[in-house]
Amino acid sequence: MNSTVKSVEELIDEALAITERFWFIQATHIVERTERTITIHFRISSTLFVQAFFSERSQRLHFALVGSVGRLYGRDREQGVWHRHPFGEVEEHEPTPEGMSAQPLTEFMTEVEELLLIHDLI
């Protein structure tokens, strides 16, 4: 499946919807926004957040679970192709030809929820 996010506004709409859906999100903050790019942070705790970045021009979409030591897990779409940075091996690029759902941020947050519980991060 390929994600359908094609604009900054679409990512903002999905971000607003998930803020209420996931119990672990304490706050949502637009860190930077231009006409064609956006970076959003979803605070989980004082040392843990999810970052979402999207560029309309390149259609790059990056999601990362970030802790005090840096990125812990990530998913990126570059040139229309998805890959994963596995938890504990974030320097790796694991191809994910199945892509992401039509709501990639929601799918990523579901993965983050599993990681938070499995690794007792909060």
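The listed residues are S7, S3, and the only one of them that is modelled with pLDDT under 95, of a type in the set (S, T, N, Q), in contact with a Leu (Cβ under 7 Å, 6 or more places away or on another chain) and open to solvent by less than 60 Å² (accessible area, probe 1.4 Å) turns out to be S3. Looking across the stretch 97-113, the residues that are open to solvent by 20 Å² or more (accessible area, probe 1.4 Å) and over 17 Å from F49 (Cβ atoms) come down to P97, E98, S101, A102, Q103, E107.
Of all the criteria given as (1) more than 19 Å from I118 (Cβ to Cβ); (2) of a type outside the set (S, T, Y); (3) out of contact with any His (no Cβ under 7 Å at 6 or more places or on another chain), the one not satisfied by F53 is (3). When the stretch 97-122 is examined, which residues are found to be among the polar types (S, T, N, Q) and not in a helix (DSSP H, G or I)? Across the stretch 97-122, the qualifying residues are S101, Q103.
The values are calculated or read from the model by the stated rules, or taken from the named source; none is laboratory data. Only a predicted model underlies this, so the values are computations on that prediction, with no experimental measurement involved. Here the Cβ is made from the backbone with ideal geometry for all residues, glycine too, and neighbour counts use every protein chain on show. These area figures cover heavy atoms from the full protein model, side chains too; ligands, DNA and RNA do not enter into them. Shrake-Rupley method; radii C 1.70, N 1.55, O 1.52, S 1.80 Å.
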